[in-house]
Amino acid sequence: MEEMIGSGKAAPLGSYTEAVDWINGLIPFGIRPGLERTRLLMEKLGNPHRRLKFIHVAGTNGKGSTCAFLTSVLLKSGYSVGTFTSPYITKFTNRFQYNGTDIPEDTLTALAEKLRPLVEEIAAGELGSPTMFEVATALAILYYAECCFPDVVVWETGLGGRLDVTNIVMPVVSVITNVGHDHTDVLGDTLEKIAFEKAGIIKPGVPVVSCVSQPEVIAVLKARAEACRSKLYLAGEDFSYELTGIEAGVQSFTFKGPFRELQVGIAMKGEHQLSNAAGAMMVVEVLRQYMAFMLEDEDVLEGFKDTFWAGRLEEVSRHPRIVLDGAHNPEGAESLARSLPQFYQYGKLNLLMGMLANKHHESYFKHILPIVDTLILTEPDFRKKMDAEELQAIAESLREKYARNHLEIIVERNWGKALQLLQSITSEKDLAVVSGTLYLISDVRSTLLRQPDSEKGW
């Protein structure tokens, strides 16, 4: 395939669809940790990333929500903001936002056309072809550095941190939301190994904010921060947060930081969002205190309260009540299990889930099985999907120890039929939840919200 890419000049990308197809056509090159290809690509473009201010966000869970909090607060405070996130829920353009709006399709097409000859040039060399995510990251940098010029870019890692392509930037602040068991096939099978990869985004002299809680993870982050002479603001040591109440769907908490104390309210559901919001608030304080950002309290608090992030404890249907939540690892499942009774009253809980094949499903089920009455197992429309009957075997092996006595487990490989089944068995008093991989959440969400032009992908 690489020889083919490197030979001859390809026809121009005539449309947005052709541009996205070209970028997605690089998926077979897989996830190849390392920054060499992207550094070379940036050099060929004149290093446009050096003209931008980044807030770099890594972590196992909560990256997207933290990016959403930061984007909302900065926008409310009068700053222009680029937001680069993944995976996307509705459309490929969701990845590249400017002031909360997706990149225009014709702009994406033009930037892909600019990148393609350079990508083909690199593909013909010894480094091999840049991957899909590397090209998407380069496209984001070009968009922000040459088209819309935001004051700050909220910059989410794709996978890990140290060798993730997003790590080519020098941020003004780094954020590590938390560390848990995810992508262990790439990042390592212990929390220390995973933490080492996440800590790789800590740069010399750049302050870092984190809400990690495990002692072994804290030790890794502290060692890296000390080696980089970077100030680490750690939840529980340098700042803290405490829930003060939930009223009309708004969670209120007291934020206590090194500079002051503040009452903050968020409409995002789930106790894990308190941690994400507190981490974002600490970033805001660093920007305000040390980097001359003009951030008035009224704007900051409004920004937090107005933050929304699709597919995170999101109620998308009233009759029956259906909630979507992209909990796809043990830590996400634990948060989901604790949060549902806090925000909803229900008779039976019916849960539809589908997973990718590279996750810790056994640990996931240990948190989910105790709260579920009917479990429908399906398969996402994605190449790395987990076989639903294999999921069933794992759930059955844990039934006696963790499940309710009356738990019913149903396998329906077709996610569309599985969704119809979920709707049909959920009465007005019950609650339906769709959880698991965001690839399933994406399809279910577009179906229930009737978004026919929805795309999905990594």
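The values are calculated or read from the model by the stated rules, or taken from the named source; none is laboratory data. Remember, it's a predicted structure, so these values are computed and weren't measured experimentally. Cβ placement follows ideal geometry from the backbone for every residue including glycine, while neighbour counts extend to all protein chains displayed. Heads up: the accessible areas ignore ligands, DNA and RNA and are worked out on the full protein's heavy atoms, side chains in. Shrake-Rupley method; radii C 1.70, N 1.55, O 1.52, S 1.80 Å.
I'd like the carbon and sulfur percentage of the solvent accessible area for the chain, probe radius 1.4 Å, heavy atoms only, ligands and nucleic acids excluded. Can you show the working numbers first?
Values: 9020 of 18400 Å².
Heavy-atom surface of the chain belonging to carbon and sulfur, 1.4 Å probe: 49 percent.
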Whole-number accessible area per residue in Å² for the chain, which is evaluated in the context of all protein chains at 1.4 Å: 40 Å²
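Normalised by the number of residues in the chain, what is the relative contact order in percent for Cα pairs under 8 Å and 6+ residues apart? Don't jump to the answer; show the numbers that get you there.
On the way: 927 pairs, mean separation 72.7, N = 458.
Relative CO of the chain lands at 16 percent.
Provide the FRET efficiency to the nearest 0.05 for the ALA248-SER80 pair, computing r from the beta carbons and using R0 = 45 Å.
Working: r = 32 Å, r/R0 = 0.70.
Working from the Cβ atoms, E equals 0.90.
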Orientation-averaged projected area, Cα convex hull of region 229-314 (nm²): 6.2 nm²
Given q = 0.11, 0.20 Å⁻¹, what are the Debye log10 I(q)/I(0) values for region 343-458, with equal point scatterers placed on the Cα positions and solvent ignored? -0.34, -1.11
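Tell me the relative contact order for region 162-313 as a rounded percent, counting alpha carbon contacts under 8 Å between residues six or more apart. Don't skip to the answer; put the middle values down first.
Details: 229 pairs, mean separation 26.8, N = 152.
Reported as a whole number, the value is 18 percent.
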Projected onto their principal axes, the Cα atoms of the chain stretch, largest extent first, over whole-Å spans of 62, 56, 38
Separation of the PHE343 and ALA393 label points, Cα + 7 Å toward Cβ, nm: 3.5 nm
Estimated distance in nm for a label pair at ASN405 and GLU36, the labels positioned 7 Å out from Cα along Cα-to-Cβ: 6.2 nm
What spacing in nm lies between the two simple spin-label points modelled at ALA124 and ALA219, each 7 Å away from Cα in the Cβ direction? 5.2 nm
Projecting each Cα onto the charge dipole of region 310-458 (Lys/Arg +1, Asp/Glu -1 at the beta carbon, about the Cα centre), which of MET386, VAL316, SER442 comes out farthest on the positive side? VAL316
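Please report the antiparallel percentage of the DSSP beta bridges confined to region 331-458, to the nearest 5.
Roughly 5 percent of the beta bridges in region 331-458 run antiparallel, per DSSP.
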Students often check this: by mean Cβ neighbours within 10 Å, which of 199-207, 12-20, 161-169 ranks highest, and how do the rest follow? 161-169, 199-207, 12-20
Could you work out [θ]222 nm for the chain from helices alone, using -39500 (n - 2.57) per DSSP H run of at least four and dividing by all its residues? Round to the nearest 500 deg cm²/dmol. -12000 deg cm²/dmol
Taking the Cβ-Cβ separation of GLU146 and MET291 as r and a Förster radius of 25 Å, what is the calculated FRET efficiency to the nearest 0.05? 0.55
Residues of type lysines that LYS203 reaches as a straight line, Cα spacing below 20 Å, ignoring anything fewer than 8 places off in the same chain: LYS53, LYS63, LYS193, LYS222, LYS231
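So what's the projected area for region 239-367, the Cα convex hull averaged over all directions, in nm²?
Values: hull surface 38.7 nm².
One quarter of the hull surface, i.e. the mean projection, equals 9.7 nm².
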Extension gain, GLU362 back to ALA110 (0.36 nm per residue minus Cα-Cα distance, nm): 86.2 nm
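With both partners inside the chain, how many of the DSSP beta bridges are antiparallel, as a percent to the nearest 5? Present the calculation step by step, with values, prior to reporting the outcome.
Working: 24 of 62 bridges.
Expressed as a percentage, antiparallel bridges in the chain total about 40.
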